[in-house]
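Visitor: Take a look at the following structure, please.
The values are calculated or read from the model by the stated rules, or taken from the named source; none is laboratory data. All of these numbers come straight from a predicted model, not from anything done at the bench. Positions of Cβ are backbone-derived with ideal geometry, glycine not excepted, and every protein chain shown enters the neighbour counts. For the accessible areas, the whole protein counts, side chains as well, though only heavy atoms, and no ligand, DNA or RNA atoms are used. Shrake-Rupley method; radii C 1.70, N 1.55, O 1.52, S 1.80 Å.
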Amino acid sequence: MTLNVGVIGVGMIGQEHINRLTNKLVGAKVVALSDVNARQAEETAAKLQGAKVYSTGEALIAAPEVQVVVVTSSGPTHEAYVLAAIKAGKLVFCEKPLATTAEACMRIVEAEIASGRHLVQVGFQRRYDKGYRALKKAIDDGVIGAPLMVHCAHRNPSVPEGYVSDMAIVDTFIHEIDALRWLINDDYVSAQVLVPRNTKHTHAKLDDPIIILLATKGGVRIDGEVFVNCRYGYDILCQVVGEEGVASLPEPESVLLRRDAKLSTTIMQDWKLRFIDSYDVELQDWIEAARAGKVNGPNAWDGYFAAVTADACLEAKRTGTVAPIVTPPRPAFYA
Ligand code: NAP
């Protein structure tokens with residue numbers, strides 16, 4: 001059975017996902033598109049055989065030929081579309097963030113629980129990265145014993161002028177927030193943010209770099225660096241220190257060169273290339289699960305927990321204090 005997919009939002013990541021659904025993955029077909037930028041939706045549809053353009057996301061969700069929905073529109077629009085998909089009883093893959101506030105994420109959690117069906121997956125693709133999966137397996141298999149500390153870094157060569165301080169947390173570190181919680185199977189209880197001297201490459205509205213300290217319920221301490229004007233490349237580092245050893249995220253494959261008296265490898269420049277395989281695996285897995293009427297990946301509770309944690313990080317940075325991360329207990333629905 002080929003799954004008929006409707007995509008809301010045909011911007012940057014929307015185009016990427018439409019391309020993978022159409023040309024790389026199996027079992028799904030993009031049959032409907034919607035975007036506030038109607039011309040862009042029409043132009044995209046013209047390249048797809050038989051895709052229909054809807055003037056609103058709500059109309060797309062209601063369309064009878066649309067079996068499942070992919071939401072790749074801008075963050076502030078996610079809540080309404082995900083709620084509409086839940087109301088229509090359709091499985092929905094929503095790019096991160098699930099919604100832009102913790103309250104909005106909670107409304108989605110409540111609506112999904114009330115529907116009685118697991119319908120929502122959030123686009124935290126790190127969980128599908130080969131390296132992160134190998135790292136998680138080593139931790140889950142007890143190779144390094146109980147995790148005690150995690151050191152990680154998220155570095156970009158540079159960011160555009162419109163990238164401001166909060167984005168380092170809500171758009172960038174949000175990936176670590178979800179991935180690390182999944183990696184060590186623990187929830188966070190507090191956050192603190194340290195702001196070192198700014199790099200000369202930043203601008204007035206961006207503190208860069210920053211260091212985020214998280215503590216977990218199980219007592220693990222995490223330090224995460226976000227440095228988005230590091231100049232040298234796109235670099236994701238993660239090292240988990242356990243009672244019996246240390247496990248590190250593998251470096252992406254690259255030829256090891258011995259030349260001109262130097263031993264070297266290439267460091268990627270582009271986040272899309274770094275995680276390209278994981279996006280493919282993520283969406284293929286979502287299609288397989290959706291064909292069985294299920295959701296396997298990061299769920300609405302994970303989206304909510306990430307939002308609460310990001311809010312606490314923002315608060316901690318604003319106040320210069322340790323901010324508690326408080327949520328209600330995880331509902332049994334998401335056990
Ligand atoms: P983008 O290029 O700006 O694309 C978003 C598209 O949604 C634009 O075409 C925008 O139109 C459209 N849009 C705005 N409001 C809409 C509405 N009410 N209904 C339908 N479409 C609407 O942004 P992007 O970079 O693709 O990001 C989209 C989402 O994906 C964001 O939430 C982002 O955080 C997420 N994302 C995730 C990853 C990841 O690694 N998982 C990577 C990149 C992006 P206009 O331009 O005319 O406003």
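Visitor: Take the Cα gyration tensor of the range 130-270, multiply each eigenvalue by 5, square-root it, and list the three semi-axes largest first, rounded to whole angstrom.
Guide: Result for the range 130-270: semi-axes of 26, 23, 12 Å.
Visitor: Cα axis of helix 78-88 to longest principal axis of the chain: angle in degrees, 0 to 90, nearest 10?
Guide: The answer is roughly 50 degrees.
Visitor: Based on the Cβ-Cβ distance from Lys272 to Ala62, what FRET efficiency comes out when R0 is 41 Å, to the nearest 0.05?
Guide: On the way: r = 32 Å, r/R0 = 0.78.
For R0 = 41 Å, the calculated efficiency reads 0.80.
Visitor: May I pose another question? How big is the range 99-192 by the Kirkwood estimate over distinct Cα pairs, in Å?
Guide: On the way: mean 1/r = 0.0627 Å⁻¹.
Radius from the Kirkwood sum: 15.9 Å.
Visitor: How big is the gap, in Å, between the Cα center of the range 54-76 and the Cα center of the range 9-33?
Guide: Result: 13 Å between the Cα centres.
Visitor: Also, quick follow-up: Between the DSSP loop rule and a limit of at most 11 other Cβ atoms within 10 Å, which chymotrypsin sites (Phe, Trp or Tyr not before Pro) in the range 177-253 are left?
Guide: Those that pass, being in a loop and sparsely packed, are Tyr232.
Visitor: For Leu237, put the label point 7 Å out on the Cα→Cβ axis and report which residues of the range 122-157 keep their amide N under 13 Å from it.
Guide: 151-156
Visitor: When the Cα centres of the range 246-273 and the range 91-152 are compared, how far apart do they sit, in Å?
Guide: Between the Cα centres of the range 246-273 and the range 91-152 lies a distance of 28 Å.
Visitor: When N is the residue count of the range 168-251, what does its C-alpha Rg come to as a fraction of 2.2 N^0.38 Å?
Guide: Cα-based Rg divided by the globular estimate yields 1.17.
Visitor: Could you give the spread of the C-alpha atoms of the range 59-217 along their three principal axes, from largest to smallest, in whole angstroms?
Guide: If we take the Cα atoms of the range 59-217, the spans are 54, 45, 28 Å.
Visitor: Just need log10 I(q)/I(0) for the range 204-335 at q = 0.09, 0.18, 0.19 Å⁻¹, Debye formula, equal scatterers on the alpha-carbon atoms, no solvent, rounded to two decimals.
Guide: -0.44, -1.38, -1.40
Visitor: Please compute the net charge surrounding Val220, taking Lys and Arg as +1 and Asp and Glu as -1 over other residues with Cβ under 13 Å from its Cβ.
Guide: -1
Visitor: Run the simple label-point estimate for Ala292 and Ala204 please: 7 Å along Cα→C-beta, distance reported in nm.
Guide: Label at Ala292, label at Ala204, 5.6 nm between them.
Visitor: Write down Rg/Rh for the chain, rounded to two decimals, with Rg from the C-alpha atoms and Rh from the Kirkwood relation over Cα pairs.
Guide: On the way: Rg = 20.3 Å, Rh = 20.9 Å.
Checking Rg against Rh, the ratio lands at 0.97.
Visitor: Related question: Expressed in nm to one decimal, what extension gain is obtained for the pair Glu253 and Val36 from 0.36 nm per residue of sequence separation less their Cα-Cα distance? Write down the numbers at each step before the final one.
Guide: Numbers: separation 217, 0.36 × 217 = 78.12 nm, distance 3.90 nm.
Taking 0.36 nm per residue and subtracting the Cα distance, the gain is 74.2 nm.
Visitor: Here's another thing I want to ask about it. In degrees, nearest 10, range 0 to 90: what is the angle between the Cα axis of helix 102-115 and the longest Cα principal axis of the chain?
Guide: 50 degrees
Visitor: Taking 0.36 nm per intervening residue step and subtracting the Cα-Cα distance, what contour gain separates Lys24 from Arg197 on full extension?
Guide: Stretched out fully, the Lys24 to Arg197 stretch lengthens by 57.9 nm.
Visitor: Per residue, how much accessible area does the range 130-270 have with a 1.4 Å probe, in Å²?
Guide: Values: 7280 Å² over 141 residues.
Normalised by residue count, the accessible surface of the range 130-270 is 52 Å².
Visitor: How compact and how long is the range 57-110, expressed as Rg and Dmax of its alpha-carbon atoms in Å?
Guide: Cα-based Rg and Dmax for the range 57-110 come out at 10.4, 32 Å.
Visitor: Going down the table (Lys24/Lys130; Lys29/Lys130; Lys24/Lys47; Lys87/Lys294; Lys96/Lys272; Lys29/Lys272), which pairs top 20 Å between alpha carbons?
Guide: Values: Lys24/Lys130 18 Å; Lys29/Lys130 26 Å; Lys24/Lys47 15 Å; Lys87/Lys294 16 Å; Lys96/Lys272 15 Å; Lys29/Lys272 23 Å.
Table pairs above 20 Å Cα-Cα are Lys29/Lys130; Lys29/Lys272.
Visitor: Now a separate question. I'd like the FRET efficiency for Ala88 and Asp260, computed as 1/(1 + (r/R0)^6) with the beta carbon distance as r and R0 of 45 Å, rounded to 0.05.
Guide: That pair, Ala88 with Asp260, gives E of 0.15.
Visitor: Which loop GluC sites (Glu not before Pro) in the range 176-245, with loop taken from DSSP, have no more than 12 other Cβ atoms within 10 angstrom of their Cβ? Please report the intermediate quantities before stating the final value.
Guide: Details: sites: Glu176, Glu225, Glu243, Glu244; in loops: Glu243, Glu244.
Listed in order of number, the matching sites are Glu243, Glu244.
Visitor: Suppose the chain between Ala46 and Ala80 were pulled fully straight at 0.36 nm per residue; how much longer would it get relative to their current alpha carbon spacing?
Guide: Separation in residues times 0.36 nm, less the Cα-Cα distance, equals 9.5 nm.
Visitor: Can you tell me the FRET efficiency between Tyr334 and Thr101 if r is taken as the Cβ-Cβ distance and R0 is 30 Å, rounded to the nearest 0.05?
Guide: It comes to 0.95.
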